[in-house]
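Have a look at the structure below, then the notes.
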Amino acid sequence: EQDAAHAVLIRAVEPLSGTATMLERRGFTSVKTQLTAGPGVLSKAMGIFRRHDGTDLCAPDSPIWLTDDGFRVQHKAIKIGTRVGVEYAGADALRPWRFSIQNHAWVSRAKGSGH
């Protein structure tokens, strides 16, 4: 459907493995939240490039995939808000489509927001 959302933007992750490679890709010498905070730097740290656009994350032969490691977040710890930097989206910019873990150190912050 034209003009309908067809993707999820992951803005930040807490690296649990592969940190040495991520540090090298970002030119960092130590792990800090800025390593993967923001969609562009997150992609760079994880080695994801424009050539991966449209990649099926569920395909068995995909170069990028998602797995369920069993980690669960309590419902009350999920913070829901509006998205960041999408003012151009009109009314859709106000939809509650930003999800994060409440007070988690690795959640990317809106510039100038402090949260």
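Annotations for the structure displayed:
- In the complete set of protein chains, residue-level accessible area for residue 83 is approximately 80 Å², probe 1.4 angstrom.
- Pairwise FRET efficiency - residue 92 versus residue 31, Cβ, R0 = 35 Å, nearest 0.05: 0.50
- Residue with peak Gaussian network fluctuation, the chain [Cα springs, cutoff 10 Å], from 102, 74, 34: 74
- Stretched out straight at 0.36 nm per residue, the stretch from residue 55 to residue 75 would grow longer than its current Cα-Cα span by 4.3 nm.
- Only protein heavy atoms count here; on that basis, with a 1.4 Å probe, residue 52 has an accessible area of about 30 Å².
- Solvent-accessible area, 1.4 Å probe, carbon plus sulfur percent, for the chain: 54 percent
- With all protein chains kept in place, the per residue accessible area of the chain amounts to 79 square angstrom at a probe of 1.4 angstrom.
- Using a Gaussian network model of the chain in which every pair of alpha carbons under 10 angstrom is joined by a spring, one finds that among 81, 70, 54 the greatest mean-square fluctuation is at 70.
- Ranking 46, 22 from most to least accessible surface, computed with a 1.4 Å probe over the protein chains only, gives 46, 22.
- Debye equation applied to the C-alpha atoms of the stretch 1-68, log10 I(q)/I(0) at 0.14, 0.16 Å⁻¹: -0.49, -0.62
- Per-residue ellipticity at 222 nm, computed for the chain from helices alone with -39500 (n - 2.57) per DSSP H run of at least four residues, works out to -3500 deg cm²/dmol.
- Among 53, 61, 92, the sequence by solvent-accessible area, most first, with a 1.4 Å probe is 61, 53, 92.
- Given the chain, longest segment not containing exposed loop chymotrypsin sites (Phe, Trp or Tyr not before Pro) (DSSP; at most 12 other Cβ within 10 Å): 1-48
- The count of lysine pairs in the chain with alpha-carbon distances below 20 Å, taking only pairs 8 or more places apart or on different chains, stands at 4.
The values are calculated or read from the model by the stated rules, or taken from the named source; none is laboratory data. Only a predicted model underlies this, so the values are computations on that prediction, with no experimental measurement involved. Counting neighbours? That spans all protein chains shown, and the Cβs are built from the backbone with ideal geometry, glycine included. Ligands, DNA and RNA are stripped out before the accessible areas are found, and what is left, the full protein with its side chains, is counted by its heavy atoms. Shrake-Rupley method; radii C 1.70, N 1.55, O 1.52, S 1.80 Å.
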